[in-house]
Amino acid sequence: NYTEDDHDDTFTDYYSIQFPIALIMMMLCIFSASYIIREGIREKSSKLAETLMIGLSPDAMLFGKILGVLGYVSVLMFGAGTVYLISNNITSRMLGEEPLSSNIGDFLSLINQAGFDDIFVMIVTMLLGILMFSILSGLMGAGCEREEDTSAALGIPMILIMVAYMVGAIWGSFAGPSTAKVMCILPCISSFVLPVRYMVGEISFLFVLIS
C-alpha cells in the first residue's frame, strides 16, 4: 500500500490526489441529488406513481430510486475509469509519450500502487457518501408538489455538497493528520477525504469502520 514516505506531506502532493477524488464525488453527488428530487416531483405532479403502483409505499419508491441511482453511478464510475485508461493507453502509444498532466499522473500513480483494500474502501466510502446525499435529497423533495419547487428542494443538499467539496479539495489537502481524522468522521466531509487518507496510511481500517 501507499505510505506517507511515498508522498511528502505538502499541499501540492496531497492536492494532486485529493482534488480528483473530491471533484468526482461532487459531480456524482450533484447528479444523484438532482435526479432524485426531479424524478420524485415529476411523478407526484403527473400522478404517475398513483396510476401504476397503487400498492407501493412512498418509502419503497424512494428507496428504489436511491438504489437505482447508486447502481447507475457504480456502472458510470467503472465505465468512465475503464474508457479513460483505454483511451490514455491508445493516445500514449500513438504520441509516443505520456499525455497526462502531472496532477492526473500522480493520482493514477496512487491508484496503480493501491491495494485491494484501498480500492474497496474508496468505492464503498464514495457510494455511502452518495447514498447519504441521495437520502437527504429524497427527504427534501418529499414535500414538494410542483416542478417549480425543484430549485428550492435542491438548495440545502447543493450547499452541503459544495461545502464538503471545498473543504475536502482544499483544506483536506494540507490538513495535518489530527485534523484529517476529524474531517474523516464528519458525515458530509468524510467521503471526500477518507479514501486518500486511508491510501497514504494515515488512518487504519478500524478507523474507517468507526467513521
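As a rough guide to protection, the peptides 139-147, 120-128, 188-196 ranked by mean Cβ packing within 10 Å, highest first, stand as 188-196, 120-128, 139-147. Applying the Karplus relation 6.51 cos²θ - 1.76 cosθ + 1.60 with θ = phi - 60° to the range 185-193 yields 3J(HN,Hα) values of 8, 5, x, 6, 9, 4, 5, 8, 10 Hz, where x marks Gly and Pro. Using θ = phi - 60° in the Karplus curve 6.51 cos²θ - 1.76 cosθ + 1.60, the 3J(HN,Hα) couplings for the range 135-142 round to 5, 4, 5, x, 5, 5, x, 5 Hz; x is entered for Gly and Pro. Sorting 150-158, 78-86 by their mean Cβ neighbour count within 10 Å, with the most densely packed peptide first, gives 150-158, 78-86.
Read the figures in this text as sums done on the coordinates, not as results from a lab. Bear in mind that the values here come from a model prediction, so they are computed numbers and not experimental data. Every residue, glycine as well, gets a Cβ built from its backbone with ideal geometry; the counts of neighbours run over all protein chains shown.
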